1. If I fit a long axis through the Cα atoms of helix 251-263 and take the longest principal axis of the Cα atoms of the chain, what angle between them do I get, 0 to 90°, rounded to 10?
2. Starting from the Cα gyration tensor of the range 193-233, take the square roots of the eigenvalues, sort them a ≥ b ≥ c, and report rounded, prolate or oblate (rounded when a/c is under 1.5, otherwise prolate if a/b is larger than b/c, else oblate).
3. How big is the gap, in Å, between the Cα center of the range 221-274 and the Cα center of the range 72-136?
4. Pop the C-beta distance of residue 370 and residue 310 into the FRET formula with R0 = 30 Å and round what comes out to the nearest 0.05.
5. Of all the accessible heavy-atom surface of the chain, with the other protein chains kept in place and a 1.4 Å probe, what percent is carbon and sulfur?
6. Among 192, 314, 222, pick out the residue whose Cα is farthest towards the positive end of the charge dipole of the chain, where Lys and Arg carry +1 and Asp and Glu carry -1 on C-beta, about the Cα centre.
7. If the elastic network links every pair of Cα atoms under 10 Å, which of 65, 212, 146 fluctuates the most in the Gaussian network model of the chain?
8. Return the distance in nm (one decimal) between the two label points of a simple spin-label model at residue 332 and residue 246, each offset 7 Å from Cα along Cα→Cβ.
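The values are calculated or read from the model by the stated rules, or taken from the named source; none is laboratory data. Note that this is a predicted model, so its numbers are computed, not measured. Counting neighbours? That spans all protein chains shown, and the Cβs are built from the backbone with ideal geometry, glycine included. For accessibility, only protein heavy atoms count, side chains too; no ligands or nucleic acids. Shrake-Rupley method; radii C 1.70, N 1.55, O 1.52, S 1.80 Å.
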Amino acid sequence: MNLGIFFDPLREEVVAPPAAPTALAAYIAPFVHTFPDWRTADLAIIGLDDWRGTAAGAPTHHGADAVRQRFYHMQRGVRPAKLVDLGNLRPGLTLEDTYLRLREIVATLLEHNTVAILLGGGPDLDYGQFLAYETLDRPISFASVDARVDMAEYDCAPAEEAHLRRMIMHEPNFLFNFAQLGHQQYLVAPDVLAALEKLHFETMRLGAIRTDVRQAEPLLRQADFVTFDVAALRWTEAPGYYPANSFGLSSEEAAQLAWYAGHNDQLTSFGLYGYRPDHDAHGLAAGTLATMLWYFVEGFYHRWGEMDFQSRRFIRYAVGLPGTPAKLVFYKAKRTEKWWLEVESLADQDIKRIVPCSYDDYIRAAQGDLPNRWILTQALLG
C-alpha cells in the first residue's frame, strides 16, 4: 500500500539536523523529499492536525511540528533506533473521513509490525486509532490517560467529549478490556465512573498514580494501544491545552507512564493528543511531550519479549485459597520481576487468560484474599 498519498512532507526547518551526531535526528528517516521506507522501521511517527471534533477549533500552528523540533534534537538512548517520520496526515473531507484514513494507515502499520506514534490533533482522533484494531479479528484492550472521561451522551457534545463512549459502544464489539488512568474525580460525573465499574473496566485516579506511579504499570502492560491527552498534565508543566488546569500529572510521572507503555511487549500504537502550541509560548509543553516520546521509544528498545510463560524466563507460583477458586497461578519474570496472573473462567475451563498484575496482587492472594484484578477479569471472561 502506498501510504505516501495520505501525507504532506515536513518543512526542512522542522527537521534541520542538529550539530551533535548522536542526536535522534541521525536515526530518523523523515518525509521531506522522499517518502521513507516504513516497512523496515520499528516505529513510525504520524503528525495530526484535525481539530473539527473540538469545541475550541484549530490552533494557528501545527503542534506535531513543535514537538518534532524538540524530539529530533534529543540524544539517542542506549540502543540505536529505527524510526521513520511519515510527515503530517492530510485530513479527510469530513472528520469521519479522517477517522477512516487513520484506521487504514494504522492497520497497515500493524500488519507490518511497525508501531504507530500518533502526535497532535484533537483527542477524538483516537477513535481512528481504535478502529484499526478491528482488522485483527480478536479481542483487544486499551488504556487512556486523561483528566476527564470522555463519555458524554448529550446530542450536541463535541466529538472530543464523547469519543470514549463511541469506542466502548462500537459494533461489532472487539473490546475486551479498558483502563482509565489519571482522571480527576471532580471533573468526572459519578454516573460515568459507575458505568465503567458496571462494565468491569479498571480505573486509576490521579491521586492513586501520584501515591505510587508503579501501580499504573500493569494497566498499561495489558493494553494493545495507549492514548494520552495532554490535558492530563499539570498546566504549569505543560501549558499546551485549553482550558487550563492547575492539577494533573507531573512531567516526570507522564514520562514514566510513557516508558511503561513503550516497554509493553504487546502494545502496537501510542497516541499523544490535544497539544495546542498557541498556549505554549515558551515551548515548555512541546519539550515535555518530546521527552515523553523519548521515554516511549526508550521503553520500546528495552522490551524483552516476555510472553512465553512456560519458558525458563518465568517462575511459576501456585497459591492455595480457602474458597473458589481453590488455587491461583502467578508468573514472575526473572529479568524484570514483573508479575502476571492466570485467570481461568469459572463458566468454561477452556477459556483462560493471563493478565498483568502486581506483586501486591500476589501478596493479597498469599494472605487468602482474591485480588480485584482476578475478579474483574473473571467478570469479563463471563
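1. Tilt of helix 251-263: around 70 degrees.
2. Details: a/c = 1.35, a/b = 1.23, b/c = 1.10.
The shape class here is rounded.
3. 16 Å
4. Working: r = 25 Å, r/R0 = 0.82.
For R0 = 30 Å, the calculated efficiency reads 0.75.
5. Values: 8500 of 16650 Å².
Answer for the chain is 51 percent, counting heavy atoms of protein chains only.
6. Of the options given, the answer is 314.
7. Maximum among the listed residues: 212.
8. Placing both labels 7 Å along Cα→Cβ, they lie 4.4 nm apart.
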